[in-house]
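Worksheet: the structure to be examined is printed underneath.
The values are calculated or read from the model by the stated rules, or taken from the named source; none is laboratory data. Just so it is clear, the structure is predicted and the values come from calculations on it, not from any experiment. Virtual Cβ from ideal backbone geometry, glycine too; neighbours counted across all protein chains shown.
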Amino acid sequence: MIALLALRNLVLRPWRSAFLLLGYSLGVAVMVVLLSIGEALLAQARDEKLVGGGDVTVLPEGIDVEVLKTGGLGGMFFSIDHARFIYAQLLAAPRLAPFLDAAAPQIEGKLLYARTRSGRELPVLASGEIPSRTVAVGAGPSITAGSWTDDGDDVAWRDPRPDELRQAIDHFHLPPVAARQDPTWAEWHYFNVLSPDGNRWAFVSFIVAGEVPGGRWGGQVLVTLHSQGGASRRFVATVPPNQVKFSTTRADVAMGNSSVTVLADGRYAVRAYAKDESGRDSVQVNLVVAPAVGAYFPGAALSSGETVSGYVVPGLRASAIGSICVGARCEQFDGAQAYHDHNWGVWRGVSWEWGAARAGQFTVLYGRVQPADSAVASQPLFVYVVDSLGFLAVYRPREIRHDDGRVVRVGGQDVRVPSRATMIDVRGDDTLSVELTIDDAAATDTRAPGVERGEGLSNRSLARPYFVQMKGRMRVSGRVRGRPIAGAGAGFFETYR
């Protein structure tokens, strides 16, 4: 009877019947989809690979959780570069303390290969976490026996002592195999210090250069003393390989009677002895450089064709005490503005833009490495900003605009160098404007031996062969996270002409 009524209704009112059938079908389809989503959510909630505790999971942009879980191509070799820096300066930073209870770094199901004593390789899945941090976000396991607490390595990772942090990011390197016989390989510690009145400053470099470690190579201690509006003085000590000691696990380096040593409290003891180019006078540097807490750049590495370049700034904002003596005449420093960075790489055809300055409560670092490959050289600069709480923001201006309003004399040639420079960037609601005013500039011809950064950097066949070092003032303004920033102060800058 019901079937007969349905058939007659379909014959008498076919369009209405079709519409009702369509609506019913859509309702069933929606219900099936919702049930499927609910089942998938329930399955994921029970999946140990996705259980990490906390309220938010942080992954690099472009990483898909499902791809990671299923082991797809996008999940292969997945890692987070500078994970400790991201943990300490972003997720667990004092700046976020009012909003974040805890952060926990975790690795789940990382593909590794274990090699047996017989040489057989076995694929294994490994996981890693820091017990105290995992417990803090509510993901700690139930312990049936024994204890599950942070060991020494866990503590050093999440909360390193100042000296442990310096050793981890500021150690020396050996050239990669491809650059092992490249004479333009060079690596150096660099320090600068500015007198309280801003009229005198010193650059101190400890350089390892050449075909390290099996070819022709050596060390060089280089000290240049500058006075505003006056001539600079250059002091050099060349050290044979058997008197050079450096480590790939520590920041300490010794070159003859000169050395850089990381003290137990994280400060750098800098001792340098060198003679001027005439051989008549000598310089003796005896400084202790103290980096400000949290004011560091964790490092960046570039590999493009034959170019290998690395850079880290352990002391972006630092102070110095001690003395610099030329003969019997000494200048004393007590809390003077200072800076320290570390560079390594192959430098054939490579130039750079660089600068670091204090701007009131902010400290600003900018730069760009320009390999011989012009496509890479056109990449934006980076501008890295810190304050008393550590990392604040990073910007990417497309260019730095120089006004070459100064002239310096180099080897009988007049070379135009910057008198001003500007950088501007807008990133969403954040803005930044940087203005440089140059007080003093000096240029060096890189085609001649003994350039400012060291013998290993000379004769690099640069399109712009004059290396320009400048001292001046930086003024910054803009907005970060909706709050205005502004400041001005002294700094040092480098470019090529």
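Where in the stretch 129-204 are there helices (runs of 4 or more DSSP H), lying fully within it, with 3 or more residues that are at pLDDT 95 or above?
Those helices (runs of 4 or more DSSP H) span 162-169.
Consider only pairs whose beta carbons are under 7 Å apart and that are at least six residues apart or on different chains; among these, list those whose first residue lies in the stretch 96-114 and is more than 14 Å from residue 57 (Cα to Cα) and whose second residue is surrounded by 14 or more Cβ atoms within 10 Å (Cβ to Cβ) and of a type outside the set (Gly, Ala, Ser).
Sorted first by the residue in the stretch 96-114, then by its partner, the pairs are 109/49.
Within the stretch 1-113, which helices (runs of 4 or more DSSP H) (wholly inside it) include 1 or more residues that are exposed (fewer than 13 other Cβ atoms within 10 Å of the Cβ) and at pLDDT below 70?
2-12, 14-45, 65-70
Considering every residue within the stretch 292-300, establish whether at least one is β-branched (Val, Ile, Thr) and either assigned to a strand (DSSP E or B) or in the same structural domain as residue 492 (by TED's automatic domain parsing) (or both).
Looking through the stretch 292-300, none of the residues is β-branched (Val, Ile, Thr) and either assigned to a strand (DSSP E or B) or in the same structural domain as residue 492 (by TED's automatic domain parsing) (or both).
When the residues of the stretch 406-426 are filtered to those that are at pLDDT below 95 and either closer than 16 Å to residue 367 by Cβ or not in a strand (DSSP E or B) (or both), which remaining residue is farthest from the chain's Cα centre (by Cα)?
412
For residue 308, are the conditions met, namely being touching a Pro at 6+ places or on another chain (Cβ under 8 Å), modelled with pLDDT under 90, part of a strand (DSSP E or B) and within 30 Å of residue 462 (Cβ to Cβ)?
It is true that residue 308 is touching a Pro at 6+ places or on another chain (Cβ under 8 Å), modelled with pLDDT under 90, part of a strand (DSSP E or B) and within 30 Å of residue 462 (Cβ to Cβ).
Is it true that some residue in the stretch 198-220 is hydroxyl-bearing (Ser, Thr, Tyr) and more than 24 Å from the chain's Cα centre (by Cα)?
Among the residues of the stretch 198-220, not one is hydroxyl-bearing (Ser, Thr, Tyr) and more than 24 Å from the chain's Cα centre (by Cα), which makes the answer no.
Find the residue count for the stretch 137-162, including only residues that are farther than 30 Å from residue 261 by Cβ, aliphatic (A, V, I, L, M) and surrounded by fewer than 17 Cβ atoms within 10 Å (Cβ to Cβ).
Looking only at that region, the number is 3.
Within the group 328, 318, which residue is of a type in the set (Gly, Ala, Ser) and modelled with pLDDT of 95 or more?
Going through 328, 318 in turn, the sole match is 318.
Being of a type outside the set (Lys, Arg), in contact with a Pro (Cβ under 7 Å, 6 or more places away or on another chain) and either assigned to a strand (DSSP E or B) or modelled with pLDDT of 70 or more (or both) is the filter here, so list the residues in the stretch 442-467 that pass it.
Those that are of a type outside the set (Lys, Arg), in contact with a Pro (Cβ under 7 Å, 6 or more places away or on another chain) and either assigned to a strand (DSSP E or B) or modelled with pLDDT of 70 or more (or both): 445, 446.
Residue by residue, here is whether (1) crowded, with 20+ Cβ neighbours inside 10 Å; (2) outside the structural domain of residue 309 (by TED's automatic domain parsing); (3) of a type in the set (Gly, Ala, Ser); (4) touching a strand residue (DSSP E or B) at 6+ places or on another chain (Cβ under 7 Å) holds:
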| position | (1), (2), (3), (4) |
| --- | --- |
| 323 | no, no, yes, yes |
| 326 | no, no, no, yes |
| 331 | no, no, no, yes |
| 335 | no, no, yes, yes |
| 340 | yes, no, no, yes |
| 360 | no, yes, yes, yes |
| 363 | yes, yes, no, yes |
| 370 | yes, yes, no, yes |
